[in-house]
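Read through the structure below, which is laid out as C-alpha cells, and then see the notes.
Any read-out appearing in this document is the output of simple, stated calculations on the displayed coordinates, not a laboratory observation. The shown structure was predicted, so the numbers you read here are calculated from the model rather than taken from an experiment. Neighbour counts are summed over all protein chains in view; Cβ atoms, including those assigned to glycine, are modelled from backbone coordinates with ideal geometry.
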Amino acid sequence: MARQGKGARLKLGEPLASDFIDFRAANYKAQEIEVIREALREHIDRRLKNREMRERFERARRERRKR
C-alpha cells in the first residue's frame, strides 16, 4: 500500500497524487507550492490564449474588482 502523501491532503486522487510526489522528487525536491504555482500559471496562460476564455476572464476580473 502506498504511503499517504501530500497528494492525499490535496485530494488529487490517483494516479495524479503519486505522479505529483514523484515529479517533486525528480524536480530537485521542489516545494509543493512552487510546483502548484508554476503549473497553475502555465495552465492559466495557456487557456487565456483562447479569445472567448480571455473575455470571460476579463469580465470576471472586472466584476471582482468592483466589489
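Observations on the structure shown:
- Spherically averaged projected area in nm², based on the convex hull that wraps the Cα atoms of the range 6-66: 5.5
- Cβ-derived FRET efficiency at R0 25 Å, Asn27 paired with Arg56, nearest 0.05: 0.20
- Linear extension gain, Glu63 paired with Ala39, 0.36 nm per residue minus alpha-carbon span: 6.1 nm
- Per residue, the chain reaches -21500 deg cm²/dmol at 222 nm when only DSSP H runs of four or more residues are counted, each adding -39500 (n - 2.57).
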